[in-house]
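Shown next, in structure tokens, is the structure this report addresses.
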Amino acid sequence: MVPRKVDYSLYLVTDPYLVPNGTTLEEQVQKAIDGGVTVVQLREKDAETCDFIARAKTIQEITKKAGVPLLINDRLDVALAIDADGIHIGQEDIDVATARKLLGPDKIIGMSVSYVSEAAKAVEDGVDYVGIGAIYDTATKKPKKPPIGINGVRKILSYLSSVPRYVATVAIGSLNLKTSRNVVHLSAVPGRRLDGIAVVSAIIAAEDPTAVSRELLGLVRDTPYWMTVIPNRDVSSVLAEVPAVISKVRSETPFVHNIVNRVATNFAANVNLAIGSSPAMSENIPEFDDFAGIPNSALLINMGFGTDDWVETYLTAAGAYAKKLRPVVLDPVAAGASELRKSAVKSLLNRCHFDIIKGNEGEIFSIAGEVSQMRGVDSTSNSQLQKKAKVVEALAAKEKTIVILTGKEDLISDGMTTFVLRNGHGYLADITASGCVLGSIAGAMVAVSLHDRFLAAVASVLLYTIAAERAAVAPGVRGPGTFIGALIDELYILSNATANGDVSWLEAARVEQYVEEA
Ligand SMILES: Nc1ncnc2c1ncn2[C@@H]1O[C@H](COP(=O)(O)OP(=O)(O)OP(=O)(O)O)[C@@H](O)[C@H]1O
Ligand SMILES: Cc1ncsc1CCO
Ligand SMILES: [Mg+2]
């Protein structure tokens, strides 16, 4: 069979009940096509057959003129009656073999799938594309199955990448101007990404379907900055750029919005000030959009406390910064320690992109679905370096992020390059919130280094851990308590020295590139 050349980028599914007052479905479809919709599926769940066919004919006049394929939801008889371009069928509808026999080899057949097993069956049956979903809970359609999130899409794309025949994919389920960019780009796996998004209410219910469609198409087609990974990195060239990032924080005073637990709040704010950034600690949703709009802003989400509404607060905050293409750092505090935390992290990763994810071994392993010997909220270091390197590399690649795994030795990975950093002092493990504060520093650094988030992570860890080494032996430091004050002092001193061109402190850096042993 010769595969049909269909552009699935923006696939409109109609719903007669969502059309705004004063307009018609036909007008909305026309306006959506004017904005760039590439496929239309006519979905009429309650219409009588004669009305469905009549409507299909009027819609077909519009799609034909625009050269956009028209698919019919569920009803093979309607598709045949109007000679539509194809049909879309659900798991409980007519079987693919019968549909194919009646429609012939040239028509498009698509099927809704939620799991790899359903995708595998659809591929075997010979569908042209699968509609993957529901991604999120939707008001448009009563969900029969739990939403699968971005991770659910990834699993199906990974499966499809191993199949010799190309079966196209669209995602469906609450895809709109807020959700679409992440669903499309974060779900990509090596060699495979979604061909498009299927949208219902965001377009059909819109006052201006043309503008919304145009914007949605941009979200599908334009690759966000965080999909780019810089190849061929080596330690000396990255280290050479570290002073510039630290200086830039002093000269540009990035605004760091910290959503951070009460244990760490004061410490984190002081550290932000010490390195030249401008902190604001806030969990107040109505001001998130304003904060995200501040030039050079960055957001740190630290899941320190598990309160009732925390996930909603985090999602809203991450969404506000993502909309402005400003960076977000995640500190998944104690991610594996309770069911509440595991499910919170899952929700966040199924919706948000993070520029940096920073955690200790227990936290990072838990997110990656690996087992570590973690206890409480403190880090342990039982795993072999090789195991840790594998975990950070895979997680960074999957989430299109930079992973910082802290401990006695720190690992930083962009999914392609992994550095091992061996600075720091044991006092850091003896004070609370030492990891949380590193997250705040990373927020400041990434705010001025969006094009190179790996460098921002390296600069953060080096400044912090070398400052800790100096603080531990500073005059008057007798233990963890006095160490905290000295640490803030050293961050301030080193940051200012760097901005003034004195980078001799960086000679203490102990960094090597991780190379897998044969
Ligand atoms: N034994 C150690 N020697 C040197 N540096 C350390 C040691 N333990 C931790 N660090 C440093 O302390 C910082 C925080 O790492 P750690 O793994 O303790 O975070 P964490 O457990 O998340 O902290 P917290 O939960 O207290 O905020 C990192 O910069 C790390 O390099
Ligand atoms: C001790 C503690 N409890 C919740 S958050 C936190 C700070 C260290 O992560
Ligand atoms: Mg610790």
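Computed from the coordinates by the stated procedures, all read-outs in this text should not be read as laboratory data. Note that the coordinates shown come from a computational prediction; the quantities given were computed from them, not determined experimentally. Cβ: placed from backbone, ideal geometry, glycine included. Neighbour counts: every protein chain shown.
Summary table
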read-out: Cut-off under 5 Å, modelled amide H: who pairs with Arg510 long-range; value: Arg422, Asn423
read-out: Dimensionless Rg over Rh [the chain; C-alpha; Kirkwood]; value: 1.05
read-out: Mean separation of Cα contacts under 8 Å (6+ apart) over length of the stretch 234-509, as relative contact order %; value: 21
read-out: Rel. contact order, % - alpha carbon contacts under 8 angstrom, at least six apart, the chain; value: 12
read-out: The stretch 354-367 - phi-based ³J(HN,Hα) in whole Hz, Karplus 6.51/-1.76/1.60, Gly and Pro as x; value: 10, 6, 9, 10, 10, x, 7, 4, x, 5, 5, 5, 4, 4
read-out: Helix-only [θ]222 nm of the chain, DSSP H runs n ≥ 4, -39500 (n - 2.57) each, per residue, nearest 500; value: -13500 deg cm²/dmol
read-out: Alpha-carbon centroid distance for the pair the stretch 397-421 / the stretch 448-512, whole angstrom; value: 19
read-out: Principal-axis tilt of helix 480-499 within the chain, Cα atoms, nearest 10 degrees; value: 80
read-out: Tail fraction, Cα-Cα pairs, the stretch 118-221, threshold 18 Å, whole percent; value: 47
read-out: Magnitude of the charge dipole, the chain, Cβ model with Lys/Arg +1 and Asp/Glu -1, debye to 20; value: 560
read-out: Burial ranking of peptide ranges 184-194, 452-462, 249-259 (average Cβ count within 10 Å, highest at the top); value: 452-462, 249-259, 184-194
read-out: Calculated from backbone phi, Karplus (6.51, -1.76, 1.60) coupling profile of the stretch 168-182 in Hz, x at Gly/Pro; value: 6, 9, 10, 9, 9, x, 6, 8, 8, 5, 7, 9, 5, 4, 5
read-out: Ordering of 225-234, 112-121 by burial proxy (mean other Cβ atoms within 10 Å per residue, highest first); value: 112-121, 225-234
read-out: Under Karplus coefficients 6.51, -1.76 and 1.60, residue-wise ³J(HN,Hα) of the stretch 210-226 in Hz, glycine/proline x; value: 5, 5, 5, 5, 4, 5, 4, 4, x, 5, 6, 8, 7, 6, x, 4, 7
read-out: Folded to 0 to 90 degrees: helix 453-472 orientation relative to the chain principal axis, Cα; value: 20
read-out: Linear extension gain, Thr24 paired with Ser338, 0.36 nm per residue minus alpha-carbon span; value: 108.0 nm
read-out: Mean Cβ neighbour count within 10 Å, used as a protection proxy, ranking 238-245, 468-475, 32-39 highest first; value: 32-39, 238-245, 468-475
read-out: Nearest-ten-degree value, helix 149-161 long axis tilted from longest Cα axis of the chain; value: 70
